[in-house]
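Everything on this sheet refers to the single structure shown next.
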Amino acid sequence: MPSSSEPQIAPTRLVAVWLLVCCAMIFAMVVIGGVTRLTESGLSITEWQPVAGAIPPLSDAAWQAEFDKYRQTDQYRQRNQGMSLAAFQYIFWWEYVHRLWGRLIGVVFLLPFLWFLFSGRIRGRLAWRLAGVFALGGAQGALGWYMVQSGLAGRISVSPYRLTAHLALALIIYAAMLWIALDLLRPRAGAPPQTRGPAGGALALAGLVFLTIAAGGFVAGLNAGMIYNSFPLMDGRLVPAGYGDLVPWWRNLFENVAAVQFNHRLLGIGTLAASLAFWFASRRAAAGYARALVDAVAGMAILQVALGISTLLLVVPVPLAAAHQAGAVMLLTLALAAAHELRRERGAARPSVGAAKDWTART
């Protein structure tokens, strides 16, 4: 590895492309995870074997052994009693692909990271940032098994709290990796980036999108989308009956099915309103690529609400629900990209201290 006394080697576009490939894989992972939850496949593999588990059953006896393990779970006894081996194989493959894809993400991240590191293409602060991302990825794998464990004893599904934490950490890793890639592809020049105005608004919007997705995690964890399949009213009421029935009150935010669905609706509509307000306030101040991103945020927000309402009215068909989850991640992506570009654009528009001194000297 080059010594720290040598000059910093600028990260190449290849590093950014590698990170974007990892982002695309995480994007797909979120969708695969959503389908795994929708098909109730997550408890079909009852053991965590990071290495040996990469090999699926290859014989009838191996399949029967896996099925026998699943038949010891409460989910099988209470919900899937009498399930055929073929039906078990269907849910097994979804969970298997989910876990295998996670392993592939780890390999696709780690091996190029080590090569870039030892070849000197990444170093210093960038190397530490990427090492931190890898550490979060390892924590995500452990959290995924911790989530599955919650459904293997005394429950017929995983804990909504752990499910939402697993989803939230995936989004944090995705956002961190995307931001680093954008830093490499669209580096700022001159003055520090602008963090107020349109750029700050885009970051706040990204935070709201993240919160809305997290609320959707509780909807998924409680199967809350399967009831109150009307819009805009819920069982003929704006605020559903029983919204605050649980004690203490905060449990309603996470465990009350009616409240969880209502809150997700409210956050979704609020995100749409915030996106349109951001578009109205920022479009004239943005130009070129930044303006295109601002427009894309508003358009994606409208599409995402349409997908959400359609998913609800049609009682959560898997393809539509998966599209809704993908739309949420796309909206988060666009909001982050808009924030990054607006910070860069507004920062570049302001002269740095050194540039201002040069201009003063010349005049």
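The values are calculated or read from the model by the stated rules, or taken from the named source; none is laboratory data. Everything quoted here is computed from the prediction, not taken from an experiment. Cβ: placed from backbone, ideal geometry, glycine included. Neighbour counts: every protein chain shown.
Considering (1) surrounded by fewer than 18 Cβ atoms within 10 Å (Cβ to Cβ); (2) assigned to a helix (DSSP H, G or I), the lone condition that LEU246 does not fulfil carries the number (2). Among what's in segment 47-66 and is within 31 Å of the chain's Cα centre (by Cα) and not in a loop (DSSP other than H, G, I, E, B), pick the residue that is modelled with the lowest pLDDT. Going through the qualifying residues, I end up with ALA52. Is it true that HIS264 is closer than 23 Å to MET25 by Cβ, surrounded by 22 or more Cβ atoms within 10 Å (Cβ to Cβ) and either within 21 Å of the chain's Cα centre (by Cα) or not assigned by TED's automatic domain parsing to the domain that holds GLY197 (or both)? Taking the combined requirement at face value, the residue does not satisfy it. For segment 206-232, the tally of residues that are hydroxyl-bearing (Ser, Thr, Tyr) and in contact with a Pro (Cβ under 8 Å, 6 or more places away or on another chain) stands at 1. Scan segment 126-160 for residues that are surrounded by 20 or more Cβ atoms within 10 Å (Cβ to Cβ) and under 16 Å from GLY34 (Cα atoms) and report the count. Number satisfying all stated conditions: 6.
Every residue, every condition in (1) buried (at least 17 other Cβ atoms within 10 Å of the Cβ); (2) in contact (Cβ under 8 Å) with a residue 40 or more places away in the chain; (3) under 23 Å from PHE27 (Cβ atoms), yes or no:
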site: TRP115; (1), (2), (3): no, no, no
site: GLY120; (1), (2), (3): no, yes, no
site: GLY124; (1), (2), (3): no, yes, no
site: ARG162; (1), (2), (3): yes, no, yes
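No other residue among ALA189, ALA176 is in contact with a helix residue (DSSP H, G or I) (Cβ under 7 Å, 6 or more places away or on another chain) and at pLDDT 95 or above apart from ALA176. The residues of segment 265-294 that are free of Cβ contacts under 8 Å to residues at least 60 places away in the same chain, of a type outside the set (Gly, Ala, Ser) and touching a Ser or Thr at 6+ places or on another chain (Cβ under 9 Å), listed by number, are LEU267, ARG291.
Can you find, within segment 287-317, the residue that is surrounded by the most Cβ atoms within 10 Å (Cβ to Cβ) among those that are within 20 Å of the chain's Cα centre (by Cα) and within 14 Å of ALA199 (Cα to Cα)? Among them, the one singled out is VAL297.
Taking segment 164-174 as the range and being hydrophobic (A, V, I, L, M, F, W, C) and crowded, with 19+ Cβ neighbours inside 10 Å as the test, the residues that pass are LEU167, ALA170, LEU171, ILE173. The set of residues in segment 98-130 that are of a type in the set (Gly, Ala, Ser), over 22 Å from the mean Cα position of the chain (by Cα) and part of a helix (DSSP H, G or I) comprises GLY124, ALA127.
Mind checking whether some residue in segment 45-53 is hydroxyl-bearing (Ser, Thr, Tyr), surrounded by 14 or more Cβ atoms within 10 Å (Cβ to Cβ) and either in contact with a Cys (Cβ under 8 Å, 6 or more places away or on another chain) or not assigned by TED's automatic domain parsing to the domain that holds LEU334 (or both)? Yes, segment 45-53 contains a residue that is hydroxyl-bearing (Ser, Thr, Tyr), surrounded by 14 or more Cβ atoms within 10 Å (Cβ to Cβ) and either in contact with a Cys (Cβ under 8 Å, 6 or more places away or on another chain) or not assigned by TED's automatic domain parsing to the domain that holds LEU334 (or both).
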